[in-house]
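The values are calculated or read from the model by the stated rules, or taken from the named source; none is laboratory data. Note that the structure is a prediction, hence the values are computed from the model and not measured. Here Cβ is always computed from backbone atoms with ideal geometry, including for glycine, and neighbour counts include all displayed protein chains. Quick note on the areas: whole protein, heavy atoms, side chains included, nothing else; ligands and nucleic acids left out. Shrake-Rupley method; radii C 1.70, N 1.55, O 1.52, S 1.80 Å.
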Amino acid sequence: MKGALARRLGRSGDTLVQLQTAGGWLAFRGATQCAGDCGGPQGSSIEHPEVGAGSATMEVDVLQPRTLQINGEARTVTAPDDMPLLWVLRDILGLTGTKFGCGIAQCGACTVHVGGAAVRSCLLPVGSVGARPVTTIERVGETEAGARVQNAWLELEVVQCGYCQSGQIMSATALLNRIPQPDDADIDAAMAGNICRCGTYDRIRDAIKRAVAARA
Amino acid sequence: MSLRRRASLIVLAVVVIVAGLGAWLAPPTRPMAFAGGSAVTLANYSGPDPTGVPSELRGADLVTRGRYLATAADCGVCHTAPGGAEFAGGLPFKTPFGTLYSPNITPDRETGIGAWSEADFLRAVHKGVAKDGSRLYPAFPYEAYSLMADADVLAIRAYLFSLAPVRNTPPANRLMFPFNQRPLMAIWGALYNPDQRFRPHTDRSPQWNRGAYLVEALAHCGDCHTARNLAQAPDNRKKFGGAVIQGWRAYNITQDRASGVGAWTDAELAAYLRGGHVLGRGAAAGPMAEAINASLSRLAPSDTLAMVAYLRTIPAVGSRDLPAPKTELASDLPKEMAGGGDRRGREVFAGACASCHGWSGKSPLFPHANLTGVRAVNDPSAINVAQVVINGARLERAGGDVVMPAFGQTYSNAEIAAVANYVTARFGSARSEITARDVARLR
Amino acid sequence: MAGDTLSPSVSRRALLGAGVGGVLLVGLHLPLGGRSAAAQPGTPFNAFIRIDREGAATLVMPQVEMGQGVYTSISMILAEELDADFARVRVEHAPPDEGHYTNPMLGVQATGNSNSIRAWWTPLRKAGAGTRAVLVQAAAQRWGVAPSACRTEVGQVFHPESDRRVGYGDLVGRAAALKVPSDPPLKTPGEFRLIGKPLKRLDTPDKVNGKTVYGIDARPPGCRYATLMASPVKGGAVAGVDDTEARLVPGVQQVVVLEDLVAVVGEHMWAAKRGLEALKITWNDGPNGQVDSAQVWAQIRKASERDGVVARQTGDADKALGGGQVLTGEFEMPFLAHAAMEPMNCTAHVTPAGCELWLGTQAITRVQSHVAQALGLPPAKVKINQHLLGGGFGRRLEADMAVKSARIAQKVDGPVKVVWTREEDIRQDIVRPVYRDRIWAKLSGDRITAWKYRITGSAVIARWLPPGYQKGVDPDAVDSAIDIPYDIPDLRVEYVRDEPPGVSTGFWRGVGPNNNVFAIESFIDELAMKAGKDPVAFRRANLGKSPRLRAVLDLAAEQAGWGSPLPPRSGRGVATQVSFGSFIATVVEVEVDEDGDVHLKRANIAVDTGIAVNPDTIIAQLQGGLVFGLTAALYGEVTLDKGRIQQSNFHDYRMLRIDQVPPIAVHLIKSGEPPGGIGEAGTTAAFASLRNAIYAATGKPLRRIPFNRGLLAKGAVA
């Protein structure tokens, strides 16, 4: 009953269309809106706002493939707009170096670079990535700062279980790219979102300083 | 959760009334008095019927119509306990004078309203009098519901009676004397419930009249958004000018451009009512998110637009303490900040907040988490910022809810105060000075 | 995928080696598949060592790597006595095999209790030395010289007299025919070339470039993805499931409903997760549906009133405490969740032929037997692919994640990776139990003359390793209490077993010593205060029979600047401990602000852990362990309401972050004693040292974990 009503109402009025167009909340019931510098919406259907329904007006989306720039390669995937980048990387592309830790952007294990900035991929809708390049732990070592950070991590033997370290290294590399000579406050601000349950924090801080010092 | 604070405020009202200070408690201005013009009874109105369901549902059966109206009146939020059966009551309303529990309104004959006749139900919704003649506490917003057309009240009853009866007796109210004396509520009702059905304005559009009916009779927006007079009845001279209720601030929704919603476009208002979020203006949390999730998001688009049309005509009332929201982004560099910011606030923000919200106020993840332009962030009381840190927020969406976690359990009052002050200073137009003690009171 | 190996690229290693000058950097060789040892290249000399024709040694790890560095330390021990070329050793996970890999101290094939090095120190040295002996013998035969005239170094046997050398690889064929001696002579510490050096860890290179395949990263061909919700109440069951909406979620393939859990299977984790959120599940809560934390605490407090089973008795404490001024204290620790960064997971494939699993586990044979039992299979039909662990902390000593996965996989066509959400990981934790420890003591001047100590709490051992539970005493629960280091003439330690309702209890990093050292060392500070003595001086006075502990106490105090003045509301706290075979003193310095929030300033740990196999690993473990304990001391608590764990993720189960963690300096005392345990000791050290620092800063004698910051605000009244 609910669903039928919702569908009927959701598709009925011109008003609805007008609202969507005017308000820019086209994607409200469907994919999350793009945060900013993203390409146009790809693929997925326009989902209708539900009316009078207590639950989803589920429509089976016909997904169109989308192309992402991952580690310098164009990768084509088929995934709903609202699927977090994390699962696209891990479960579709097999890039398992990026880790799942909390799913709510509280631990940082899933950190990747999108357009050069450190981003928690567990909450980043793939639909908002657009043409921005994505770099993951598997290839960050090919960048100058990434290599310095990884070397410093090895030199100071930062790692214990290692599960959080992909994210730590991605956050640290983004920091060095943005602030080449970070002080302790910069390190705190950039790294406080990355939890390490093994407690390697002291060495992370020292390794970032080592990576800074290693700059030619 | 509007009813909670109603309960406490209304109980306060009783004190005032019983104290015999009624002389200067003039009966309140009617909610639609601002509109002027000529209002007529429904029977004498020649335009399209502003009551009932939207045109899309006109052909639907009685129960379907009743369900829509019950949704618009947001009955379920108060009459459902956490984890309990829908409409089976038992939600506690804590007040300084004791605790009230919402009653079971499923059609169970013994513990619900299964034995209530149509007349019983009408009397309760319009006059605040239960089947047994006892007075209902005005936590139940019957002064708004009394505007509802009889047919709509009866449709809601038909919907409720179509539900499975749930046997559930909510706990007895625990109120101290004299607040436990139900008959006293008659005085409040006599003063503040005009018990008059909705009267359309002939010089206004059908859409405006429909919006007025939705806003005033069903959604009872003024319950939260209008400040109360000394008798704790809504003071419609400052209609929709905002109020603090149950620890949350219901903001100014008048047409004032700086402190109200006068600068919002129609589309923005509509999007907010339907989805609880507008890019550049923020996302709903707390009681407003509940109203959106359970009620406003489920209205027909034509009804949303009608509400917008009506809200557009609310006279501007300025809230002097609310500056116009700052629209420029903050620096993307954490340390770059006017005044430097409090160190502890920055630490909490860096650890728990920055991953979602970003340092500039523009979220790297999704627009619901943007902080720039958000009313609460531009409120120097920081009440709602602190509340949302404590309680988190949840907006329901078909594609998965948008959620902010609740940090209140593990962050101290001092930490929450620090981060609230940091957020208002970094992203808002005026830095707040909320203290740990203030935060303790909000919990 | 199965059968692949991982090793870091040579170029990367060369690059890195150049950067760290002279430090050995070697590779970790981990078969992803579960090939049996026999199928591996190289000739086996025992269960731990294979050597191939090129002379590279493959070392089989009887203990698992979960961050504690044990693969490297074990390899160092084996390679030391083998005189292997450490730069070329390869490391392999041991298969489930109680016959060869049973931990000598635990009696099962498991990694726990910080005893990997303690338990395997001698057996692995003998394994290495025995293999070296046959290699030497083979070379001697070849050259026709006496074995005693030959020496070994870096993968070669040489004969100094004739200046002849031969690589181990060339000796493998002949040596394999010889009998490996079971009790070969071992090196003296003076002869060690690897042990005692801060060698680079073997597992690090692949952990910094994302190549390490943890259990959660396993992707057998055709793998589907699932996530689950089990009854949020212990002992509850599924009453009903409405999966209408879940089935409409794009990518959802299957909804599996078992008696006590519901899982959603999909094309990827996102589909599974959204599908699970869209399910409407109703539960029959069962008998625990009303359990809450108040009930838990009421029960254990009541239980702690009764006499316990005597675990240690010296003199007559009851008599000594019969008159005069008796000082008492009660200390409590809450339920704690493990929250390993890698959430619980296990990939399973059930076929008519058997079951194959992929996971990282601390207890591989437990997983094998529990899964076999759940599926009605013989254990040999359960094949397990071991992985590196993204944190263990005791949680992965359990088999529940594997059993749930296998049961789900029974309903799924093909392999299925079951990953728990963080919320499920915390809600379904097998928590560290609540403990309540009571102390009665008597002072004479600055000496403790009588001491009665009663531990009340769950007997985890009774469930996990029933033979270990003897005569009503859980040996873990009383650890570091029956061996209290202070010299006390009349001493009695009791244990009251009390199983809390509504949860399963398990091991948690630091185990029994956590609560015992917290209670003992906190109370020692109160006694010192009573005696009018400085906490360090008071401890020294009572540590007459423990010179090793006195030495670390002196070192920690010296390094921490004990006694030098501090600003107002700042304080230093000291705690000593003998735990896991190591002697440790810790000094933590804090500042408590006027709101009661605690700011960690610095920490100094002095340790005598006997022979330090890899000193850098020891330092790292104490640093990290301390952070783990400080986190719990400040924030850790799992609570129950309506039978449900109330915490769910890192916003309400809070972790210390980088900007809160102080510099932690670790000072090693050089020792020739056998190695002690270290993985958990830092955690144990945290509680009392922090508590005593807060005590010094504020005068508030806290007795409960987590510390109530509300009580520490200026002007707050307890």
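Quick notes
- Test for B:T71: is it more than 20 Å from B:V153 (Cβ to Cβ), open to solvent by 10 Å² or more (accessible area, probe 1.4 Å) and among the polar types (S, T, N, Q): no
- When residues of the range A:129-143 are limited to those that are within 13 Å of another protein chain (Cβ to nearest Cβ) and either open to solvent by 70 Å² or more (accessible area, probe 1.4 Å) or aromatic (F, W, Y) (or both), the one farthest from A:A79 (Cα to Cα): A:E142
- Out of C:H338, C:H349, sole residue that is part of a strand (DSSP E or B) and either touching a residue at least 60 places away in the same chain (Cβ under 8 Å) or open to solvent by less than 10 Å² (accessible area, probe 1.4 Å) (or both): C:H349
- Test: residue in the range B:272-283 that is surrounded by fewer than 21 Cβ atoms within 10 Å (Cβ to Cβ), in the same structural domain as B:Y251 (by TED's automatic domain parsing) and either in contact with a strand residue (DSSP E or B) (Cβ under 7 Å, 6 or more places away or on another chain) or among the small types (G, A, S) (or both): yes
- Among (1) open to solvent by 20 Å² or more (accessible area, probe 1.4 Å); (2) under 20 Å from the mean Cα position of the chain (by Cα), the one test that C:F580 misses: (1)
- Some residue of the range C:428-443 being assigned to a helix (DSSP H, G or I) and either over 25 Å from C:S231 (Cα atoms) or not assigned by TED's automatic domain parsing to the domain that holds C:A531 (or both): no
- Some residue of the range C:364-373 being out of contact with any Cys (no Cβ under 9 Å at 6 or more places or on another chain), within 30 Å of C:I524 (Cα to Cα), modelled with pLDDT of 95 or more and open to solvent by less than 10 Å² (accessible area, probe 1.4 Å): no
- Extreme residue, nearest to B:R199 (Cα to Cα), among residues of the range B:48-68 that are open to solvent by 30 Å² or more (accessible area, probe 1.4 Å) and assigned to a loop (DSSP other than H, G, I, E, B): B:D49
- The range C:444-458, residues that are surrounded by 23 or more Cβ atoms within 10 Å (Cβ to Cβ) and assigned to a loop (DSSP other than H, G, I, E, B): C:S458
- Screening C:V180 on (1) under 30 Å from C:I611 (Cα atoms); (2) open to solvent by less than 20 Å² (accessible area, probe 1.4 Å); (3) touching a residue at least 40 places away in the same chain (Cβ under 8 Å); (4) hydrophobic (A, V, I, L, M, F, W, C) shows it passes everything except condition (2).
- Screening the range C:689-718 for residues that are away from chain B (no Cβ under 14 Å), among the small types (G, A, S) and more than 12 Å from C:F518 (Cα to Cα) and picking the one that is most open to solvent (accessible area, probe 1.4 Å) gives C:A718.
- Within the set B:D303, B:D332, B:D266, the sole residue that is acidic (D, E), under 30 Å from B:A81 (Cα atoms) and within 12 Å of another protein chain (Cβ to nearest Cβ) turns out to be B:D303.
- Among the residues of the range C:540-553, not a single one is open to solvent by 20 Å² or more (accessible area, probe 1.4 Å), modelled with pLDDT of 95 or more, in contact with an Asp or Glu (Cβ under 8 Å, 6 or more places away or on another chain) and part of a loop (DSSP other than H, G, I, E, B).
- The range C:605-618, subset within 13 Å of another protein chain (Cβ to nearest Cβ), crowded, with 24+ Cβ neighbours inside 10 Å and in contact with a strand residue (DSSP E or B) (Cβ under 8 Å, 6 or more places away or on another chain), residue nearest to C:L690 (Cα to Cα): C:I605
- Given (1) under 25 Å from B:V403 (Cβ atoms); (2) open to solvent by 20 Å² or more (accessible area, probe 1.4 Å); (3) modelled with pLDDT of 95 or more, number of the condition B:Q246 does not satisfy: (3)
- Summed over the range B:381-402, the residues that are in a strand (DSSP E or B) and either farther than 11 Å from B:A284 by Cα or facing chain C (nearest Cβ under 10 Å) (or both) give a count of 0.
- Between B:L147, B:L163, the distinction of being touching a helix residue (DSSP H, G or I) at 6+ places or on another chain (Cβ under 9 Å) and in contact (Cβ under 8 Å) with a residue 24 or more places away in the chain belongs to B:L147 only.
- Among residues of the range B:424-443, those that are open to solvent by 10 Å² or more (accessible area, probe 1.4 Å) and not basic (K, R), counted: 10
- Scanning the range B:365-376 for residues that are in contact with a helix residue (DSSP H, G or I) (Cβ under 6 Å, 6 or more places away or on another chain) and under 10 Å from B:R281 (Cα atoms) gives B:L371, B:T372, B:A376.
- Candidate set: the range C:251-275, residues that are away from chain A (no Cβ under 11 Å) and in contact (Cβ under 8 Å) with a residue 60 or more places away in the chain; chosen: the one farthest from A:L123 (Cα to Cα): C:L258
- Residues satisfying the stated conditions in the range C:39-56, i.e. over 17 Å from C:H100 (Cβ atoms) and hydrophobic (A, V, I, L, M, F, W, C): C:I51, C:A56
- Members of the range C:600-644 that are out of contact with any helix residue (DSSP H, G or I) (no Cβ under 8 Å at 6 or more places or on another chain) and assigned to a strand (DSSP E or B): C:K601
- Within the range B:356-380, residues that are at the interface with chain A (Cβ under 8 Å from one of its Cβ atoms) and open to solvent by 20 Å² or more (accessible area, probe 1.4 Å) reach partners that are of a type in the set (D, E) and not in a helix (DSSP H, G or I) with beta carbons closer than 6 Å, at six or more positions or on different chains, in the pairs B:W359/B:D332.
- Within the range A:152-193, the residues that satisfy the criterion of being outside any helix (DSSP H, G or I) and aliphatic (A, V, I, L, M) are A:L156, A:V158, A:V159, A:I179, A:A192.
- Flag for A:D206 being over 26 Å from B:C356 (Cβ atoms) and free of Cβ contacts under 8 Å to residues at least 40 places away in the same chain: no
- Helices (runs of 4 or more DSSP H) contained in the range C:43-145 and holding at least 2 residues open to solvent by less than 10 Å² (accessible area, probe 1.4 Å): C:70-82, C:116-143
- Test for C:E153: is it of a type in the set (D, E) and out of contact with any helix residue (DSSP H, G or I) (no Cβ under 9 Å at 6 or more places or on another chain): yes
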